[in-house]
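To start, the structure under review is shown below, and the notes come after it.
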Amino acid sequence: MKVRKPTVAGSFYPRDPEKLRETVYKLLGNASSKVPVGVIAPHAGYAYSGKVAGKVYGLFRGSKGLSFLLIGPSHFVDFVGISFGDYEFFETPLGLVKVDRDRIEAFLMKFNPPRALDNLPHLKEHSLEVQLPFLQVTMGEFSIIPVLYGRVKPEFLLEVIEFFCEYGTCFVISSDLSHYYTDEIARRIDAYCHEGITKLDQEILEKCEACGKVGILSVLMWSKRKNLRPELVAYATSADAYGNRDMVVGYGGYAFFS
């Protein structure tokens, strides 16, 4: 059994299962009357971005039978294309999450991207891992298609979304927003992210600074195809958590509805 072990447990979120579950419960927002088709969620430590992520994942409360396409940027390994890894499960302190290998194999037969089963980009990466405890607490049992991307065009990620997002599979685009500006400037820059996403406007989004911007662009393209309606769910900067307004990171949570 090939298991991707957690790498940021004890740093980005609690290592102890009971404490982690309690933390996530406290962060979760209210359920939505309509289940999102997908979301954009931040990927920083829970002390910084957990409130924003919690409000996003709270929208899935009460949902059953969903699977999730997780798409996040590779922060540590530079490569061309995407990587699913060859894992059967992803592990957190809350247990194992099944990887949908059958659907990944079907994708590989159609597209055959290079390095798609390479585990190296996943080994130290946090952008997908930090999403999992929120889903584990909210959903209980579910499966994932984990996608890390390196140098890739949004048009290819669009095809990834198009292939997987059907029959009860929701997308999660992992991204933080602006980095290391003053709080005032960060909020001004991040406002372009809010406007670009909620209006499905790629030109406005060009002024947005986000580490997962390629993933965001791809989901905007898909949302136009499917006539989705995006909403800003929550926004904060690291200053909201720790008060230092001289150098902050922005965190946005967005939901897409049919």
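The values are calculated or read from the model by the stated rules, or taken from the named source; none is laboratory data. These numbers were taken from a predicted model, which means no experiment stands behind them. Please note: Cβ atoms are built from the backbone with ideal geometry, for glycine as well, and neighbour counts cover all protein chains shown. Side chains are part of the model used for accessible areas, which takes the heavy atoms of the whole protein and leaves out ligands, DNA and RNA. Shrake-Rupley method; radii C 1.70, N 1.55, O 1.52, S 1.80 Å.
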**Prompt:** Looking at segment 1-119, what strands (runs of 3 or more DSSP E) fall wholly within it and have at least 3 residues that are surrounded by fewer than 18 Cβ atoms within 10 Å (Cβ to Cβ)?
**Reply:** 95-99
**Prompt:** Is segment 156-164 home to any residue that is over 30 Å from Leu120 (Cα atoms) and either open to solvent by 50 Å² or more (accessible area, probe 1.4 Å) or of a type in the set (Asp, Glu) (or both)?
**Reply:** no
**Asked** Across segment 226-258, what is the total count of residues that are open to solvent by 30 Å² or more (accessible area, probe 1.4 Å) and either among the aliphatic types (A, V, I, L, M) or out of contact with any strand residue (DSSP E or B) (no Cβ under 6 Å at 6 or more places or on another chain) (or both)?
**Response** 13
**Item:** Among the candidates Ser223, Ser175, Ser218, residue that is closer than 20 Å to Gly250 by Cα, surrounded by 20 or more Cβ atoms within 10 Å (Cβ to Cβ), in contact (Cβ under 8 Å) with a residue 24 or more places away in the chain and of a type outside the set (A, V, I, L, M, F, W, C)
**Value:** Ser175
